[in-house]
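Take a look at the structure set out below.
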Number of protein chains: 2
Amino acid sequence: MRITVVGDEPAELEVALRAGLEEDLLVVSGGLGPTHDDRTIELLALAAGRPLAVDEELAAEIEELSRRVAERLRRPYADFAGGVRKQATLPAGAEWVGLVGTAPAVVLDTGSCVAVALPGPPRELQELWPRVLETAPLRRLRERSHAPERRVLRLFGVSESAVAQSLAAAGGEGDGVAVTICARDFEIHVDLLAEPGAEGRAAALEAALAQANERYLFSRDERSTAELVLDLLRARDLTLATAESCTGGLVAARLTDVPGSSDVFLGGIIAYADEVKIAQLGVPEGVLAEHGAVSEEAAAAMAQGARARLGADVAVSVTGVAGPGGGTGEKPVGLVFLHAAGPGGELARRVDFPGDRETIRQRAAVVALHLVRRLVTES
Amino acid sequence: MRITVVGDEPAELEVALRAGLEEDLLVVSGGLGPTHDDRTIELLALAAGRPLAVDEELAAEIEELSRRVAERLRRPYADFAGGVRKQATLPAGAEWVGLVGTAPAVVLDTGSCVAVALPGPPRELQELWPRVLETAPLRRLRERSHAPERRVLRLFGVSESAVAQSLAAAGGEGDGVAVTICARDFEIHVDLLAEPGAEGRAAALEAALAQANERYLFSRDERSTAELVLDLLRARDLTLATAESCTGGLVAARLTDVPGSSDVFLGGIIAYADEVKIAQLGVPEGVLAEHGAVSEEAAAAMAQGARARLGADVAVSVTGVAGPGGGTGEKPVGLVFLHAAGPGGELARRVDFPGDRETIRQRAAVVALHLVRRLVTES
């Protein structure tokens, strides 16, 4: 698959369309409007070597629609007439489905490629696409294609290179199995795509990768980590609260991004200032004075405070130096303490994140979710 | 300009790179990692007809970096060695700048095209790009080209089509001035790009647009709205707190994303459960019983509670139905109440957002920031 984004410049559009026509399927959106700078159909016809002609049946339908629009806007239909003829002009051999607006969806089967032109407005595009899928050229194309089988492994706490090594040790990709290894948010996402016939090899590869990385494997589906953590808690009938300093709400935002999170997640305290840590989370002043706000002790007090104050079964806290300022020799930018407290025990974690403010914050939020996962699954 | 998005499939990547090499400048990002599926360099060399070889100087630098990472992660360096050689492999004649991570930025001048390969991680890409611009091939290219002058207008509370109409009324784009009008996060971002010689026309167009949309214009620079709000508060020596229900920490996350936000932002309460609204924000039980958690009254009590409990000068609250569930006839999905309270007065806002959960939450967070902006600038 290739996605190309081009502007209205005819030469660029033509190059992109010619390249697209070399594939089995070309889908274009936009450039079907009534004005001179809407050039998709004209250039598609040029690229496909087809003459252009007005489709009178289509013209009649667009005219009917445009007369209603003209009436509503109290403008003479003559203002629209040119645009109607333009929008009803199609490459020879093309069929159209539609209309939602005044632009049709156009399907052109060149023999070697099925080209589909859809209107740009999302509502029109979304409504016309299912109808395009039902046209004969698209039906034929779909019968010829097979979606590859997909398997996923989600790992945490391992490096991309180590996973690559275990893939190589397991025989590597090839023979109908494509594997992508992608570091995302401090997690490693492994996707295996098997062509028809290679499902057995993909399953064996997946099993080998899962075994080699057993310690790090936390999911075999595509739920987000926040969703997975909420599901684990829900299954155990446990509620959750957060206490965040350097992540400033990101842990809670990831959790509440999941629909239905409210039956597990009660709320959180974002304690950026020390006074808020003391007043809202009950962190003892002595802890802050002796160990500082970025410390194992402060993180523990924050999690325990959130758990007690918000009446949650489980609470997780994050405190650290997100930078770019505020780092010291003893507590450099990237140093983050996390703590999870639950009915069955507590877990603490200290991390030194490389990276900038954004990276440190996002990664700390991910590690916080994984700390809750470990607390819940290991205790 | 053409933007092409391709996956890791070698054949597709090669087609895209070959097409890019026909232009004056080709910029690629991603695919420079240590694993086998990172194929940008290998395919760039193939497309440009250049042999590949390990650059020993680069290998030494990547090794040094990787040894530090290995130490930090407490893993053997042997895990990384293969990746280091791979990442130090360059097409003949290419130069490299970097490193931020273990992937260098690579510049290859083919004579007819300058090809630049940048690492995918945004932080690495952003840090390396200015250094790429200072290489000899990019300097030569930039001397041949002219950057258009850029002017920006940021509007809030107006529709995209109304801004498009005011643009048309002001004479529209053309004559060397390109204008983009983009709806983003409930704001309208207008960018004017003037070719050399058209600066006067761009300035006149900008002035006309600013006048026609004066009520909605809130910025003429590219600071984020969170940054702008923090700057306004800082200039007035005011502190800020948040009380969030449906946004679940997104307002605080946007604020704390800005470096140095801690001198203005004290913290926030994420009150997802009603018990948390009552206990942590002091929302009267009667308000929740009579008006519900999604109400003007609850929003007011939340903001006032956050202001008092966290000892902030200004507080802003958000409560609403983010969906997909939880909507009723009276309180449908998308209904959000916001409230800002400060030393000089209060402001309330009710909004009915269209869209899905993610859109509703993000837009509500943006409106919360604008409510603080209005409270601070209007009182």
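The values are calculated or read from the model by the stated rules, or taken from the named source; none is laboratory data. In this text the structure is predicted, and so the values were computed from the model without any measurement. Using ideal geometry, Cβ is built from the backbone for each residue, glycine included, and neighbour counts are taken over all protein chains shown.
Does the range B:232-253 contain any residue that is out of contact with any Phe, Trp or Tyr (no Cβ under 6 Å at 6 or more places or on another chain), surrounded by fewer than 18 Cβ atoms within 10 Å (Cβ to Cβ), among the small types (Gly, Ala, Ser) and touching a residue at least 12 places away in the same chain (Cβ under 8 Å)?
No: the range B:232-253 contains no residue that is out of contact with any Phe, Trp or Tyr (no Cβ under 6 Å at 6 or more places or on another chain), surrounded by fewer than 18 Cβ atoms within 10 Å (Cβ to Cβ), among the small types (Gly, Ala, Ser) and touching a residue at least 12 places away in the same chain (Cβ under 8 Å).
Those residues that are buried (at least 16 other Cβ atoms within 10 Å of the Cβ), of a type in the set (A, V, I, L, M) and touching a Leu at 6+ places or on another chain (Cβ under 8 Å), I need them from the range A:139-189; list them, please.
The answer is A:LEU141, A:LEU153, A:LEU155, A:VAL163, A:LEU167, A:ALA170, A:VAL177, A:ALA178, A:VAL179, A:ILE181, A:ILE188.
Tell me the helices (runs of 4 or more DSSP H) entirely within the range A:279-379 that contain at least 1 residues that are more than 31 Å from the chain's Cα centre (by Cα) and outside the structural domain of A:ARG184 (by TED's automatic domain parsing).
Here the list reads A:285-291, A:296-310.
Checking A:GLY323 against (1) surrounded by 17 or more Cβ atoms within 10 Å (Cβ to Cβ); (2) under 21 Å from A:GLY268 (Cβ atoms), which single condition isn't satisfied?
Only one criterion is unmet by A:GLY323, namely (2).
Go over the candidates A:ARG50, A:ARG67, A:ARG2 one by one and state the one that is surrounded by 16 or more Cβ atoms within 10 Å (Cβ to Cβ), of a type outside the set (Asp, Glu) and more than 14 Å from chain B (Cβ to nearest Cβ).
One residue alone meets the criteria, A:ARG50.
Does at least one position in the range B:90-109 carry a residue that is β-branched (Val, Ile, Thr) and more than 28 Å from the chain's Cα centre (by Cα)?
Within the range B:90-109 (the criterion being β-branched (Val, Ile, Thr) and more than 28 Å from the chain's Cα centre (by Cα)), the answer is no, since none of the residues qualifies.
Say we look at the range B:352-379 and pick out the residues that are of a type in the set (Val, Ile, Thr) and at pLDDT below 95; which of these is nearest to B:LYS331 (Cα to Cα)?
Here the residue is B:ILE360.
Would you confirm, using the coordinates I've provided, whether B:LEU73 is without any contact (Cβ under 8 Å) to a residue 12 or more places away in the chain and farther than 24 Å from A:ALA168 by Cα?
no
Taking the condition of being over 14 Å from A:LEU26 (Cα atoms) and more than 30 Å from the chain's Cα centre (by Cα), how many residues in the range A:110-134 meet it?
Residues meeting the conditions: 0.
Going through A:VAL276, A:VAL251 one at a time, which residue ends up being at the interface with chain B (Cβ under 8 Å from one of its Cβ atoms), within 21 Å of A:ASP352 (Cα to Cα) and assigned to a helix (DSSP H, G or I)?
A:VAL251
Name the one entry in A:GLY20, A:GLY31 that is assigned by TED's automatic domain parsing to the domain that holds A:GLN126, at positive phi and under 37 Å from the mean Cα position of the chain (by Cα).
So the residue among A:GLY20, A:GLY31 that is assigned by TED's automatic domain parsing to the domain that holds A:GLN126, at positive phi and under 37 Å from the mean Cα position of the chain (by Cα) is A:GLY31.
Looking at (1) in contact with an Asp or Glu (Cβ under 8 Å, 6 or more places away or on another chain); (2) over 30 Å from B:SER262 (Cα atoms), find the lone condition where B:GLY200 falls short.
Answer for B:GLY200: the failing condition is (1).
If B:LEU230 satisfies all but one of (1) away from chain A (no Cβ under 14 Å); (2) in a helix (DSSP H, G or I); (3) of a type outside the set (Lys, Arg); (4) under 25 Å from B:ALA368 (Cβ atoms), what's the number of the condition it fails?
Status for B:LEU230: all satisfied but (1).
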